[in-house]
Amino acid sequence: MATTNNDSGIASIRNVFCVGRNYGLHAAEMGNAVPERPMLFSKPTHALAALDGGEIALPGDRGEVHYETEVVIRIGRKYEKGASIDELADGVALGIDFTLRDVQSELKKKGYPWLAAKGFRRSAPITPFRPFPGAAKLAETDFALLKNGTEAQRGNVKDMIFDLQTIADFCAEHFGLDAGDVIFTGTPAGVGPIADGDKLQLQFGGETWGEGVIRLV
């Protein structure tokens, strides 16, 4: 795995924003309506973990844990109205939004917030950051998740319902956006459960950016 110009960057992350239902096929596979505006939630920084080849310990006693592979954008400067995403973002990584799916289903039935299903420890592992190449360049290449060597998910930011600029503007307007904030930009179709011992690899353009082995505890 190449490490040139990589930056793990976890210690400097301030806020973790996540976009839900940002790919049409994923919304369909989950039986959800396509949102009319970005649907955001957040994770605590305690959810962050490094996809550095080591083990990722996740809850094994709360029902199924599902993977959701995403492009992660790091903000490098304080948001100012009118700033382009190419001016705002200074890093890109790949990450997994791990979700306690059974817990989430119960919370949704009751109309409760998703925090218990989304914000648990190590539920947001990410690869080292690479320099942000620009939104147009990023859309030229697919990202993918391999589970035990077999492709489980594939996506491209060009297929997002809400593009990076729209997401950044929405975040800034409703929550604020500043240097050190990161945005998980949504997952494509193909989400599914993980099992103890699964090896997960996150790839961009066929190059492995990060990997880890699941331990359900």
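The values are calculated or read from the model by the stated rules, or taken from the named source; none is laboratory data. In this text, all values refer to a predicted model and were calculated from it rather than measured experimentally. Here the Cβ is made from the backbone with ideal geometry for all residues, glycine too, and neighbour counts use every protein chain on show. The protein model used for the area step is the full one, side chains on, heavy atoms only, and it has no ligands, DNA or RNA in it. Shrake-Rupley method; radii C 1.70, N 1.55, O 1.52, S 1.80 Å.
Structure values in brief
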{"quantity": "Counting DSSP beta bridges with both ends in the chain, the antiparallel % (nearest 5)", "calculated": "80"}
{"quantity": "Rg/Rh (Cα only; Kirkwood hydrodynamic radius) as it applies to segment 48-89", "calculated": "1.18"}
{"quantity": "Answer label, with Rg and Dmax of the Cα atoms in Å calculated from the coordinates and candidates (1) 20.8, 73; (2) 16.0, 47; (3) 18.3, 54", "calculated": "(2)"}
{"quantity": "Viscosity 1.306 mPa s, temperature 10 °C, Stokes-Einstein D of segment 1-121 from Kirkwood C-alpha radius, µm²/s", "calculated": "97"}
{"quantity": "Surface share of carbon and sulfur [accessible, 1.4 angstrom probe, percent] for the chain", "calculated": "48"}
{"quantity": "Helix-only [θ]222 nm of the chain, DSSP H runs n ≥ 4, -39500 (n - 2.57) each, per residue, nearest 500", "calculated": "-4500 deg cm²/dmol"}
{"quantity": "Net charge of neighbours whose Cβ lies under 12 Å from the Cβ of residue 135, counting Lys and Arg as +1 and Asp and Glu as -1", "calculated": "-2"}
{"quantity": "Centre separation in Å (Cα based) which lies between segment 170-217 and segment 73-139", "calculated": "7"}
{"quantity": "79, 67, reordered so the largest accessible area comes first (probe 1.4 Å)", "calculated": "79, 67"}
{"quantity": "Added length on full extension, which subtracts the Cα-Cα distance from 0.36 nm per residue, residue 33 to residue 112", "calculated": "26.6 nm"}
{"quantity": "Net charge dipole size for the chain [Lys, Arg +1 and Asp, Glu -1 on Cβ; Debye, nearest 20]", "calculated": "520"}
{"quantity": "Area accessible to solvent at residue 62, 1.4 Å probe radius, in Å²", "calculated": "110"}
{"quantity": "Hull volume in cubic angstrom per residue (convex hull over the Cα atoms of segment 59-182)", "calculated": "130"}
